[in-house]
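Participant: Dropping a structure here in C-alpha cells format, bear with me for questions.
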Amino acid sequence: MKLHVLLAATAVVVVSACGQAGRNDEVRAPDDLAARARVTEQQARATALSEVPGGEIAAGELEEEGGKLIWSFDIRVEGQTGVEEIQVDALVGTVVSREHESAAKEADEAMVEGRTRPGDEAGESEEADEREEVGEHEEQEAAFRRDFDLSGCELVTTGRGAYMVLEPGYRLVLEGTEDGQASRLSITVLEDTVRIEGHATRVVEEREWHGGKLAEVSRNFTAICAGTGDAYYFGEDVDIYHGGRVAGHEGAWRAGRDGAKPGLLLPGRPEVGQAYYQEIAPGVAMDRARVVSTSETVETPAGTFRDCLETRETTPLEPGASEAKYYAPGVGILVDGAMRLVSHGPATD
C-alpha cells in the first residue's frame, strides 16, 4: 500500500535495449493454437519484456489456460535468482498475470512438463535449490536500515527531493491495463498537512480506478529533510472501495501507533547497494528497497527520462515478491505495475 510517490519511478517500457530476446530462448507455439492467436509472438514478447526492465526471455509458450489463450514467458534478470513469469492474452495483447518463480520451482515445473529449459543439465534442479538458498540467505542477512534519526533534520512539507516533488497542486497521472481492465492512477500533492509524532507532514492523495470504477483512495504523509533531500514516510490512511462504497482500510498505518515508525521513502543521495525500509509498521506494511542503479534511461508515454534511479523493492510480509521501480529527477513515479506515466505538472481542477 506504499505511496506510489511523485517520485520519478521508471519501472517501465525499456523495449529498446531490454526488448531483445536472448539467443537461447525457446518458445513453443502448437500449430492449432497459433492459428487462433491474434497477437503475434513478437508483439507478446515486447509486452512481456516491458514488464521486466533489463530482462531476457529464457523460455515461452502459447497455451490455453483456464479457457483463455495466452502467451506465457519466463524472463530472467541478470544477478537475480528465479524468473518472472509473464502471461499475455493472445487475443487482445494485455498482461494477464505476473508471478515470480524461484529457481527451484522453475526446475520442478520443467520436470513435471517433461521438458528441459535452455541451459538445464543433469543436476540443474539441485544447483537451483542451492542458488535459491544462497539468495534467500543473502536477502535475510542484508542490512536493510530501519532506524532513522530525524532529530538533526529540518523537515519541510514543501519543496523537492532529488526524486520527489512535494509542491501543492503537483499531479502525476498514470494509465495502463491490469487484469484485463483499464486502470488509472492520479497522485496529487494537497494543500493539507498533518502532524505526526511532532512532525508536520504533507498529504499526498492517490486515487486509483480499475475498469472505470474507483478502487482505492489513500492519503499519504511525507516530509523532506532540507539538508539531505531524503524523503521520509510517516504513514497513510486508506479507503478500499467496492461497489462505490468504502469496504476496508487495508494497509493503513501511522508512525507512533502500534510500534510503527517513520521509514525512508527515497534517499536524497542514493548509492548503489544502499538498502532501507520505506514502511515500518509490523504486520501491516514493511516495504523495503535496495538501490540498483542511478543512471537508467526510461521511456513512457510522457517522454524519455534519463539519469533515473532504479530500486528493487521487497517485503518480509510477502517472501519471494520483488518489484523493480525507477525514479526520474524532478518528475516523480513513471511506472507502477502495468501503469505508466502519461502526464505530470500542475493539477487543472
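What follows draws every value from the coordinates through simple rules; no lab data is involved. Predicted model only: the values in this text are computed from it and were never measured. Quick reminder, even Gly has a Cβ in these numbers, built from the backbone with ideal geometry, and neighbours come from all protein chains shown.
Participant: What length, rounded to one decimal in nm, is gained on full extension from LEU317 through to THR304, with 0.36 nm per residue of separation minus their alpha-carbon distance?
Facilitator: 1.3 nm
Participant: Can you tell me the Rg and Dmax of segment 155-346, counting just the alpha carbons, in angstroms?
Facilitator: Cα radius of gyration and Dmax of segment 155-346 are 16.0, 45 Å respectively.
Participant: Show me the ranking of peptides 294-302, 261-269 by mean Cβ neighbours inside 10 Å, starting with the highest.
Facilitator: Details: 294-302: 18.2, 261-269: 22.0.
Going from most to least packed, we get 261-269, 294-302.
Participant: Using Cβ counts within 10 Å as a stand-in for footprinting exposure, how do CYS308, CYS225 rank, fewest first? Don't skip to the end; give the middle numbers.
Facilitator: Numbers: CYS308 24, CYS225 19.
The order, fewest Cβ neighbours first, is CYS225, CYS308.
Participant: Please sort 34-45, 271-282, 164-175 by packing, taking for each peptide the average over its residues of neighbouring beta carbons within 10 angstrom, highest first. Intermediate results must be reported in sequence, preceding the final value.
Facilitator: Details: 34-45: 15.5, 271-282: 18.6, 164-175: 20.8.
So the order, starting with the most tightly packed, is 164-175, 271-282, 34-45.
Participant: Could you work out the equivalent-ellipsoid semi-axes for segment 248-349, taking the square root of 5 times each eigenvalue of the Cα gyration tensor, largest first, in whole Å? Spell out each step's value before the answer.
Facilitator: On the way: eigenvalues 132, 63, 35 Å².
So the equivalent ellipsoid measures 26, 18, 13 Å along its semi-axes.
Participant: Quick check: residue separation of THR297 and ARG145 times 0.36 nm, minus the Cα distance between them. What number comes out in nm? Write down the numbers at each step before the final one.
Facilitator: Working: separation 152, 0.36 × 152 = 54.72 nm, distance 2.73 nm.
Taking THR297 through ARG145 to full extension adds about 52.0 nm, to one decimal.
Participant: Also: D for segment 259-306, whole µm²/s, Stokes-Einstein with Kirkwood Rh over alpha-carbon pairs at 10 °C and 1.306 mPa s: what number? Kindly include the intermediate steps, with their values, before the conclusion.
Facilitator: Working: Rh = 12.6 Å.
The Stokes-Einstein estimate is 126 µm²/s.
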